[in-house]
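Comments concern the structure below.
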Amino acid sequence: MWTTRWRAWYLPPMRAVLLLLPLTLLAAAPSGEEVYQKRCSGCHERTDPRIPPRTSLQQMTSQRIMRALDFGAMMTVAYPLSRDERQAVASFLGKNVPAAQPSPSALCSDRAVKLAASSRSAWNGWSPTADNARFQSAEAAGLSIDGVKNLKLKWAFGFDGDVTAFAQPTVMDGQVFVGSAGGVIHAMRADSGCLQWTFQASGPVRSSILAVPLGRQHALLFGDQTGWFYALRAETGKLLWKRKVEEHDAARLTGAAMAHDGVVFVPVASWEETRSLDPTYPCCTFRGSVVALRIRDGAQVWKSYLVGVPKENGKTARGTPQWGPSGAGVWAAPTLDAKRGVMYIATGDNYSSPATELSDAIIALELKTGRIVWSKQTLPGDAYNSSCGTDKASCPKEDGPDYDFGSSAILTALPNGRELLLAGQKSGMVYALDPARKGEIVWQQAIARATPTTATQVGVQWGMASDGQKAYAAINSVGRIRPTDPLDTRRSVLDPKQGGGLVALRVADGSRVWEAPPIVCTANAPDGCSPAQSAAVTGMPGVVFSASMDGHLRAYSTESGAILWDFNTVRDFTTVNGVKAKGGSIDGPGVVVVKGMVFVNSGYSRFGGMPGNVLLAFTTE
Ligand code: HEC
């Protein structure tokens with residue numbers, strides 16, 4: 001529908017906005033001092049034991065301050081700031097020195113990275129298989145149910161200076177590749193956690209890394225949280241190419257890429273929704289898309305937009321122009337259906353009026369051209385942005401309910417050969433669609449329902465897993481309540497009693513097979529504990545892994561939902577790289593199981609969760 005083959009044909013929406021503004025506004029880059037005075041000094045010039053004074057901020061490096069703004073303690077404060085403003089205030093305040101290098105003791109003695117031409121035991125990208133079932137075969141998992149019950153921590157690795165660890169590792173041939181909130185890509189040995197090389201990306205990297213053969217070596221493909229997409233030489237960590245796949249200032253590449261036939265497909269989302277917290281921000285102009293790039297050199301093959309070109313279509317009560325349509329971001333990895341020559345993507349909500357046909361939808365795109373073959377919208381009329389949850393200044397008339405698809409559809413087949421696409425939505429609904437009949441709904445099942453204190457994340461957040469017979473869906477239902485301490489100035493905190501649970505549905509008809517109840521936080525759990533299970537689920541024969549915002553990683557029986565193993569990551573760890581590290585809430589991607597080892601990242605300070613900065617590796621030995 002809105003397919004643009006070549007970038008030259010399209011005018012990026014932000015540029016379109018800027019062209020309409022008087023030229024004087026374009027004159028100067030933002031002044032870091034002005035941003036500081038306007039956005040930071042109110043708190044940081046105040047004497048309050050909880051707030052570091054300006055003089056301590058000046059002791060930090062500008063990169064570290066950038067991290068605090070992007071994915072750290074200041075994330076909620078920085079939402080309304082553009083990248084230029086963040087950069088300006090970070091370099092105004094902080095020390096402008098090169099990024100710290102890993103300590104020599106963290107490096108492997110043999111730093112060679114060797115990958116086989118094709119790897120039988122791997123977890124490469126979002127799921128071990130391009131059907132996005134997130135299910136590891138018995139052979140590749142290399143673990144029995146008894147082995148899972150006996151898992152022990154083998155090593156911990158700390159991400160220096162981070163308060164969030166949210167990138168799912170890719171593991172193959174005894175190698176780990178993993179991104180970080182600080183934007184550092186790490187190549188490390190799976191058995192010991194020693195480092196072979198690191199690469200500094202321009203922004204935080206949470207998308208899982210996809211390794212593909214390129215010539216006699218391999219390319220690592222991933223995106224960052226500022227719209228850049230990269231190809232690195234896996235063997236050396238050297239940049240092959242990088243490309244900005246979306247010019248919009250708020251673009252985020254969160255979902256993992258999928259590759260097929262020399263082309264990589266990149267899902268594009270954004271955090272523009274949160275910009276509307278600033279009542280002077282003209283909301284909204286971001287357009288969700290999928291971009292196809294040639295792996296060899298990064299040349300764009302096609303770009304397919306999922307929303308039309310935004311136009312100014314009104315003003316808010318205080319006179320801020322409003323733009324639409326917008327949104328329909330793609331947060332999750334595309335699902336490959338090579339047989340039909342298509343991929344399936346899942347979209348999020350619109351950010352402004354008018355709501356459109358391709359938001360909150362599962363869409364089949366032709367691999368060769370990006371043409372939309374069919375789409376199935378499960379919830380029409382969902383336009384929402386962050387102002388709807390605060391002063392409503394820029395809230396569209398649709399006012400939510402903000403029920404994105406945040407996770408990939410799973411392509412699976414019944415014993416009779418009938419194929420189904422399983423999709424879990426934030427609404428609490430899980431759908432089975434028929435890929436042979438334009439996404440017709442075969443069954444739907446509610447796994448959770450909204451309550452007055454549930455945030456907008458009711459059901460499936462980051463992804464389900466399926467072994468073909470059953471689909472395993474974790475329940476988010478994170479709750480927000482007012483702080484109990486009257487001196488606490490935060491508007492809301494996580495409810496330690498609400499959210500969580502894991503449901504097994506029969507793939508054939510959507511009926512419930514079992515439900516593992518939520519496990520509420522203990523009375524002495526730290527601030528930011530929530531039983532919500534929003535992280536993606538992982539399966540292997542007999543076992544489902546589901547991690548929680550309470551910081552626990554749990555293994556459940558696929559037969560009964562009984563808990564087989566439970567590890568609490570909320571503690572300090574001695575790390576192999578000597579960095580001080582602790583675990584916290586687990587959110588975003590799930591665990592990875594490869595060749596007798598289990599890997600998980602812990603720490604998620606977003607939404608008031610418990611911070612942490614650790615990658616953990618478990619084995620039975
Ligand atoms: C509403 C009050 C408030 C505002 C506004 C605010 N801060 Fe903060 N800032 C805090 C508090 C409180 C902490 C301590 C947080 C903690 O330790 O968890 C903090 C901590 C920090 C830190 C240290 C984070 C770390 O990882 O150690 C940095 C850097 C920082 N702020 C930068 C900024 C910048 C830059 C701005 C303006 C863009 C800003 N802050 C605006 C309250 C504020």
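The values are calculated or read from the model by the stated rules, or taken from the named source; none is laboratory data. Given the structure is predicted, the values throughout are model-derived calculations rather than measurements. Please note: Cβ atoms are built from the backbone with ideal geometry, for glycine as well, and neighbour counts cover all protein chains shown.
Below are the figures for this structure:
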quantity	calculated
Selected residue [closer than 21 Å to residue 463 by Cβ, outside any loop (DSSP other than H, G, I, E, B) and away from the ligand (no atom under 16 Å from the Cβ)] from 140, 133	140
Tally, over the range 68-85, of residues that are part of a helix (DSSP H, G or I) and within 7 Å of the ligand (Cβ to nearest atom)	4
Residue check, residue 353 hydroxyl-bearing (Ser, Thr, Tyr), surrounded by fewer than 24 Cβ atoms within 10 Å (Cβ to Cβ) and modelled with pLDDT of 95 or more	yes
The range 39-59, residues that are near the ligand (Cβ under 6 Å from one of its atoms), at pLDDT below 90 and either in contact with an Asp or Glu (Cβ under 7 Å, 6 or more places away or on another chain) or not in a helix (DSSP H, G or I) (or both)	50, 51, 52
Some residue of the range 207-224 being touching a residue at least 60 places away in the same chain (Cβ under 8 Å), crowded, with 24+ Cβ neighbours inside 10 Å and touching a helix residue (DSSP H, G or I) at 6+ places or on another chain (Cβ under 8 Å)	no
Subset tally (residues that are at positive phi and under 19 Å from the mean Cα position of the chain (by Cα)) for the range 502-554	1
Any hit, the range 401-415, residues being part of a loop (DSSP other than H, G, I, E, B) and without any contact (Cβ under 8 Å) to a residue 12 or more places away in the chain	yes
Those residues of the range 185-206 which are more than 27 Å from residue 142 (Cβ to Cβ) and touching a residue at least 60 places away in the same chain (Cβ under 8 Å), in sequence order	198, 200, 203, 204
Residue tally, condition assigned to a helix (DSSP H, G or I) and more than 8 Å from the ligand (Cβ to nearest atom), over the range 86-98	4
Residues located in the range 451-489, provided they are of a type in the set (A, V, I, L, M), modelled with pLDDT of 90 or more and assigned to a loop (DSSP other than H, G, I, E, B)	458, 460, 464, 475, 478
Residue count, the range 477-505 (criterion: closer than 17 Å to residue 531 by Cα and either outside the structural domain of residue 528 (by TED's automatic domain parsing) or touching a Pro at 6+ places or on another chain (Cβ under 6 Å) (or both))	4
Members of the range 233-288 that are polar (S, T, N, Q) and closer than 30 Å to residue 196 by Cβ	236, 254
Members of the range 271-311 found to be touching a residue at least 60 places away in the same chain (Cβ under 8 Å) and among the charged types (D, E, K, R), listed by number	272, 273, 275, 278, 287, 296, 303
Evaluation of residue 57 against (1) within 23 Å of residue 251 (Cβ to Cβ); (2) surrounded by 14 or more Cβ atoms within 10 Å (Cβ to Cβ) (one fails), failing number	(1)
